[in-house]
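As structure tokens, the structure follows; a few thoughts come after it.
The values are calculated or read from the model by the stated rules, or taken from the named source; none is laboratory data. Note that this is a predicted model, so its numbers are computed, not measured. Reconstructed Cβ throughout: ideal geometry from the backbone, glycine too, with neighbour counts over all protein chains shown. Protein only, heavy atoms only, side chains kept; ligands, DNA and RNA dropped before computing areas. Shrake-Rupley method; radii C 1.70, N 1.55, O 1.52, S 1.80 Å.
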Amino acid sequence: MIETLLKELSLAVIDGKQNESISLTNKLFEAGLPAKDILDKGLLPGMEVVGVRFRDNIIFVPQVLISARAMKTSLAILEPLLSKSDAKGVGTIVIGTVKGDVHDIGKNIVAMMLRSSGFTVIDLGIDTKVEKFMETVKKENADIVGMSALLTTTMGYMKVVIDKLKDEGFDVKTMVGGAPISKSFADQIGADGYAKNASDAVKLAKDLISIKA
Ligand code: B1M
């Protein structure tokens with residue numbers, strides 16, 4: 001029963017069926033499945049298929065947008081559960097998708113998981129410029145700057161932010177992620193860390209905090 005509902009949820013994301021996606025997410029939750037499993041076994045596999053079809057020119061931007069909308073509506077249902085935390089005061093992280101880039105699903109998931117681990121997360125959204133990162137780090141006295149990029153044309157902007165933070169003498173760690181980002185790219189641009197997914201991002205953020213302390 002759960003397996004079938006999860007498959008249907010993936011299909012709802014693939015087909016961009018928002019109402020079905022909402023109802024299946026609720027059904028799975030009512031059936032007692034943890035929010036993280038609904039995300040990992042239902043929503044994300046659906047978005048993976050969307051990515052492959054988009055890459056192979058089987059579907060185009062409008063269909064991807066509709067799928068993204070379905071995924072985001074379900075994520076909004078899961079957010080209070082994924083962000084719930086008993087821990088507090090682990091550290092403050094300012095996160096954003098970099099300038100020129102509007103992809104925010106992965107960044108939003110990372111932000112939710114960080115919150116659930118007790119981090120204070122200030123989410124700057126999409127298309128975030130270096131000035132906004134700097135201004136917020138100062139204002140919030142943040143420990144970490146987290147950047148997400150999904151495009152090969154925007155990933156280079158991460159270096160712009162890192163260089164500027166270093167030049168201006170900010171005492172802040174930097175971490176990067178997103179589909180085109182790799183550990184070697186992160187090393188190349190001088191980031192303090194790279195995470196492949198949201199769980200690794202939490203582990204990395206905790207490591208960076210302990211180094212900084
Ligand atoms: Co876009 N898009 N898109 N898109 N889109 C990609 C990224 C692409 C790979 C598709 C493809 O060709 N297969 C391709 C990029 C190719 C490249 O650069 N080499 C692409 C393109 C080309 C474009 C446009 C240029 C298309 C066009 O207009 N012709 C355009 C660009 C717009 C812009 O940004 N300026 C565009 C637009 C869009 C939509 C608006 C339609 C929509 C975004 C909606 C939204 O986000 N609100 C969209 C989508 C949905 C995708 C795909 C299909 C899915 C992305 C996604 O949400 N994945 C994507 C294909 C793909 O990635 N395979 C694609 C699910 C998400 C959970 O994964 O974001 O990777 P991800 O996040 C993961 C990890 O990467 C990591 O943890 C997350 C959770 O596990 N992570 C971090 C992410 N950030 C992190 C930060 C961290 C740590 C870990 O620390 C701070």
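Looking only at residues in segment 80-99 that are within 14 Å of the ligand (Cβ to nearest atom) and not small (G, A, S), the one that is modelled with the lowest pLDDT is L82. Could you pull out the residue among I59, I38, I93 that is in contact with a Ser or Thr (Cβ under 9 Å, 6 or more places away or on another chain) and in a strand (DSSP E or B)? Sole residue among the options that is in contact with a Ser or Thr (Cβ under 9 Å, 6 or more places away or on another chain) and in a strand (DSSP E or B): I93.
Filtering segment 71-87 to residues that are closer than 20 Å to V13 by Cα, of a type in the set (S, T, N, Q) and surrounded by fewer than 18 Cβ atoms within 10 Å (Cβ to Cβ) leaves only T73. For beta carbons closer than 6 Å, sequence separation of 6+ or different chains, a first residue in segment 47-69 that is over 11 Å from D15 (Cα atoms) and a second that is at pLDDT 95 or above and within 8 Å of the ligand (Cβ to nearest atom), the qualifying pairs are F54/V64. All conditions in (1) buried (at least 22 other Cβ atoms within 10 Å of the Cβ); (2) assigned to a loop (DSSP other than H, G, I, E, B); (3) not small (G, A, S) hold for H103, with the sole exception of (1). For a quick check of your reading: which strands (runs of 3 or more DSSP E) sit entirely within segment 113-204 and have at least 1 residues that are open to solvent by less than 20 Å² (accessible area, probe 1.4 Å), among the charged types (D, E, K, R) and not assigned by TED's automatic domain parsing to the domain that holds P80? Answer list for segment 113-204: none. Residue-level check: of (1) within 13 Å of the ligand (Cβ to nearest atom); (2) open to solvent by less than 30 Å² (accessible area, probe 1.4 Å); (3) over 17 Å from V110 (Cα atoms), F60 misses just (2). Within segment 49-62, none of the residues are at pLDDT below 95 and of a type outside the set (G, A, S).
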